[in-house]
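Student: To start, I am sharing the structure in question, which I have written as structure tokens.
The values are calculated or read from the model by the stated rules, or taken from the named source; none is laboratory data. Bear in mind the structure is a predicted one, so any value in this text is a computation, not a measurement. Cβ atoms come from the backbone with ideal geometry, glycine included; neighbour counts cover every protein chain shown.
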Amino acid sequence: MTFRALVVDKQGDSEVSAAVQTLTEDQLPAGNVTVAVEYTTVNYKDGLCMRAGGGLVRSYPHVPGIDFAGTVESSSDSRYKPGDKVVLTGWRVGETHWGGYSQKARVDADWLVPLPDGLTTKQAMAIGTAGLAAILAIVALEDHGLEPDRGEVLVTGAAGGVGSIATAILANIGYDVAAVTGRPQAADYLTSLGANRIVAREEIDTVSKRPLESETWAGCVDAVGGAMLARVIGQLKYGASVAAVGLAGGATLPTSVIPFLLRGVNLLGIDSVMQPYQRRVRAWQRLATDLPLEKLDGMIQQANLAVVPSLGDQILKGQVKGRIVVDVN
Ligand code: NDP
């Protein structure tokens, strides 16, 4: 049995190339569940996995794709049987284990979750790791006291994948959302997702001389990091929290302890990759209920395997709007 997959291979020490190839089942990695993949997606991390020096892929040839959704074809684990619809995100699949840019994938049953009721495999991939991280961030903010009457919630990198889904969910569950974007042309899109206010990136992406600014945000989902995250920390309301999800704008954090000591604010770290099974299942249930599917439809750009490498380049440059859904068949 043959199938098609996007294979990334190394050329010399500092270059990689990607091409769709025909593979056989005996080339699949070890695992107790084989899945006929239907859809996958392109996340920021996928862009890194298809680039030389991205730092995540250890050995070549490699099949990237950190997310996939599809139907179980065979399973030696009692939790899954042929015909079950499943979703995979994280666990270093697509990084150290062959991933979802393929018509077939073989993984450990512990890494899968059943497709949540109310979602199709295509919708699950429109959500993907970006959406999972967005809901985990919202849950973390709620666990630290965020409620709709506390005031505006900021979403940074709002026109990207994490930001789009966070904006749509927060607006749907009753929050006033301020959306930071560096793309003025995305303002209508963000308003259509439910943002009440657009904040221009340049208003908030440089370090302030003052460690504390006016108390503005009741909470923040941050996909950008760097100077923007530092700035947000100094603008949080007393006792409020920011959930740090991403580093699209940088990995350093040029801040001081002053906002933590004088305003009791919280910096909450979000990791979607190693989330335990029960938390993953709960997060997917929240996504199925709190993310309006008509808003999700408005975020989707459709693609096939052959164009995934160029989409990987685009996402690293911050040029992808919303979410990409890749039909692998
Ligand atoms: P996207 O590229 O889709 O979104 C990132 C957005 O950030 C861009 O669309 C852009 O939004 C903004 N942005 C890009 N470059 C800059 C910059 N230099 N300065 C300020 N803003 C910038 O990526 P994803 O949404 O998929 O991922 C976002 C981040 O979250 C990534 O760093 C990713 O690795 C991380 N992530 C982390 C997870 C976790 O488990 N912690 C899980 C998923 C993602 P705009 O044009 O609106 O300004």
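Student: Of the residues Ala288, Ala306, only one is more than 15 Å from the ligand (Cβ to nearest atom), touching a residue at least 24 places away in the same chain (Cβ under 8 Å) and under 17 Å from the mean Cα position of the chain (by Cα); which?
Tutor: Every option except Ala288 fails the conditions.
Student: Here are some conditions: (1) at pLDDT 95 or above; (2) of a type in the set (Val, Ile, Thr); (3) over 25 Å from Gly157 (Cα atoms). Ile138 meets all but one. Which one does it not meet?
Tutor: (3)
Student: Of the residues Leu132, Leu146, Leu136, only one is more than 15 Å from Val33 (Cβ to Cβ), away from the ligand (no atom under 16 Å from the Cβ) and of a type in the set (A, V, I, L, M, F, W, C); which?
Tutor: Matching residue, one of Leu132, Leu146, Leu136: Leu146.
Student: Across region 162-179, which residue is farthest from the ligand (Cβ to nearest atom) among those that are among the hydroxyl-bearing types (Ser, Thr, Tyr) and in contact with a strand residue (DSSP E or B) (Cβ under 6 Å, 6 or more places away or on another chain)?
Tutor: Tyr175
Student: Looking only at strands (runs of 3 or more DSSP E) that lie completely in region 1-98, which have at least 3 residues being away from the ligand (no atom under 16 Å from the Cβ)?
Tutor: The strands (runs of 3 or more DSSP E) meeting that bar are 2-11, 15-24, 33-41, 67-75.
Student: What is the residue count in region 216-256 for residues that are touching a residue at least 60 places away in the same chain (Cβ under 8 Å), near the ligand (Cβ under 8 Å from one of its atoms) and of a type in the set (A, V, I, L, M, F, W, C)?
Tutor: Here the count works out to 5.
Here's the yes/no breakdown for (1) without any contact (Cβ under 8 Å) to a residue 40 or more places away in the chain; (2) loosely packed, with under 14 Cβ neighbours inside 10 Å; (3) of a type in the set (A, V, I, L, M); (4) out of contact with any His (no Cβ under 6 Å at 6 or more places or on another chain):
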position: Thr24; (1), (2), (3), (4): yes, yes, no, yes
position: Ala30; (1), (2), (3), (4): no, yes, yes, yes
position: Asp46; (1), (2), (3), (4): no, no, no, yes
position: Ser59; (1), (2), (3), (4): yes, yes, no, yes
position: Gly65; (1), (2), (3), (4): no, no, no, yes
position: Ser78; (1), (2), (3), (4): yes, yes, no, yes
position: Pro82; (1), (2), (3), (4): yes, yes, no, yes
position: Val86; (1), (2), (3), (4): no, no, yes, yes
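Student: Here's a check for you: in region 58-101, which residue that is in contact with a helix residue (DSSP H, G or I) (Cβ under 6 Å, 6 or more places away or on another chain) and of a type in the set (Val, Ile, Thr) is farthest from Lys10 (Cα to Cα)?
Tutor: Going through the qualifying residues, I end up with Val87.
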